[in-house]
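Encoded as structure tokens, the structure appears first; notes follow it.
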Amino acid sequence: RVLGVSNTNGIFLNETKYGREIKQAYFQVKPKEFCYNPYRVNVGSIGLNEFDYDNQIISGAYNIFGTDETELLPEYLMAIFNSPQFLEYVNDKAHGGVRMNFKYEYLEDWEIPLPSIEIQVQLTKDIADNLAVIRHADALRTAFRFDASVFPNCERVLLDDVATIERGKFAHRPRNDPQFYHGNYPFIQINDITNDVKFISTYEQTLNDRGLEVSKMFPKGTLVMSIASSIGEVGILTFDACFPDSIVAISPRDDRICLDYLFWYCKCFKDSFIAMASQAIQKNINVQKLKTYRIPLPDLRSQQEIVNALDKQLADLQALSNLRKNATTRFHALVESCWNGEK
């Protein structure tokens, strides 16, 4: 069993080989031993082996070590490796050459807090509990899909018949020219349209008066969609804002269709918008193509029922995000608390 080390998930089973297929040096790895890449430890390439296979090995490029478990629990040490203090120490020791090399001698010289085994047991239990919540939440979020089956199979109309579609504007190149920024006017960019929210309530960039002259302000309550880069991301503005031509504004033409219904249809069928994108160097959707897109148009009561059902699903997703956020906060607090003891 050939193991590997992921920057995010620690040690994993990479592949299975017969001995005759192995043409390079490997190390044997025992359960509860650590493996790290001395050239990539600064980006998280260190892990604790939780596997107990027969003949488990790892590339000779890794350093392997264990702990005296009567004094230092490996799970506790792994928590220390997750602390910012470790990354600070790695960067302090390993820089200076053409290539990072965190030598084993540096690891031997590192001073760590060492509470009693009883305290280590409690800390690692609490840390493991919160990590379990984080991983479970991540798995649920990855598998989460909004239920597109709530949309009826009914008459379809052109998007252009029920909504106005207008591309954002920023008539200057290069767009990042500093003379136009840092003023009082919100300037929405694709990164501000996040995947698990309905309403856009924050922004990172603003335009000044000069920037506003080469742009256009759209009113709050406008549905915006990214048509380049992360295609199909949608959100509803909660404030007046400008945005570039990589984003379009979509607004109902009349009372045949409600804004929230438009939002949810675009969100649930994001893949169909991606499929419309041109195969240029950078994918993008032509506004004319958007105008010819057809969507189902049930009556307003049915539209509201669909909105209510999907709003409930979004609330569940946001609750899951909050659960993960709280567990992450507790995890970092517990790791930091490890450093309160004597080193």
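A few comments on the model shown:
- Its relative contact order, with pairs defined as Cα atoms under 8 Å and 6+ residues apart, puts the chain at 18 percent.
- Highest mobility in the GNM of the chain, judged by mean-square fluctuation with C-alpha springs under 10 Å and restricted to L107, L159, L314, is found for L107.
- Rounded to the nearest 20 debye, dipole of the chain from Cβ charges on Lys, Arg, Asp, Glu: 1420
- Among 111-119, 13-21, 124-132, the peptide with the highest mean count of other Cβ atoms within 10 Å heads the list, and the full ranking is 124-132, 111-119, 13-21.
- Computed over neighbours whose Cβ is under 11 Å from that of F12, the net charge equals -1, Lys and Arg +1, Asp and Glu -1.
- Simple point charges give the picture: +1 on the Cβ of Lys and Arg, -1 on the Cβ of Asp and Glu, and for the stretch 62-170 a dipole about the Cα centre of about 660 debye.
- Pairwise FRET efficiency - E305 versus N9, Cβ, R0 = 30 Å, nearest 0.05: 0.15
- Those aspartates and glutamates that a straight Cα-Cα span of less than 12 Å connects to K216, excepting residues fewer than 8 apart in one chain: E166, D240, D245
- Counting only protein heavy atoms and a 1.4 Å probe, the stretch 239-343 has 51 square angstrom of accessible area per residue.
- Lysines whose Cα lies under 19 Å from that of K198, excluding same-chain neighbours fewer than 8 positions away: K220, K267, K270, K312, K325
- Top positive-direction residue, dipole computed over the chain with Cβ charges, set N191, G44, T8: N191
- Sum of side-chain charges, Y76 neighbourhood, beta-carbon under 13 Å (Lys, Arg +1; Asp, Glu -1): -4
- At the residue level, E108 shows approximately 120 square angstrom of accessible surface with a 1.4 angstrom probe and all protein chains present.
- The F199 and K289 beta-carbon pair, evaluated with R₀ = 22 Å, returns a calculated FRET efficiency of approximately 0.25.
- Each of R175 and E118 was given a label point 7 Å from its Cα along the Cα-to-Cβ line. The distance between the two points is 6.1 nm.
- Counting DSSP beta bridges with both ends in the chain, the antiparallel % (nearest 5): 85
- Counting charges near G235 (Lys, Arg +1; Asp, Glu -1) among other residues having Cβ under 10 Å from its Cβ returns a value of 0.
- With protein chains left intact and a 1.4 Å probe, residues in the stretch 111-180 average 62 Å² of accessible area per residue.
- Where labels lie 7 Å past Cα in the beta-carbon direction, separation of R330 and D147 in nm: 3.0
- Calculated P(r) of the chain - Cα pairs past 39 Å, %: 40
- Solvent-accessible area per residue for the stretch 1-86 (1.4 angstrom probe, square angstrom): 54
- When the solvent-accessible area of the chain is split by element, carbon and sulfur atoms take up 48 percent of it, the probe being 1.4 Å.
The values are calculated or read from the model by the stated rules, or taken from the named source; none is laboratory data. The model shown is predicted, which means the values in this text are computed figures rather than measured ones. We place every Cβ from the backbone using ideal geometry, glycine too, and count neighbours over all the protein chains shown. Side chains are part of the model used for accessible areas, which takes the heavy atoms of the whole protein and leaves out ligands, DNA and RNA. Shrake-Rupley method; radii C 1.70, N 1.55, O 1.52, S 1.80 Å.
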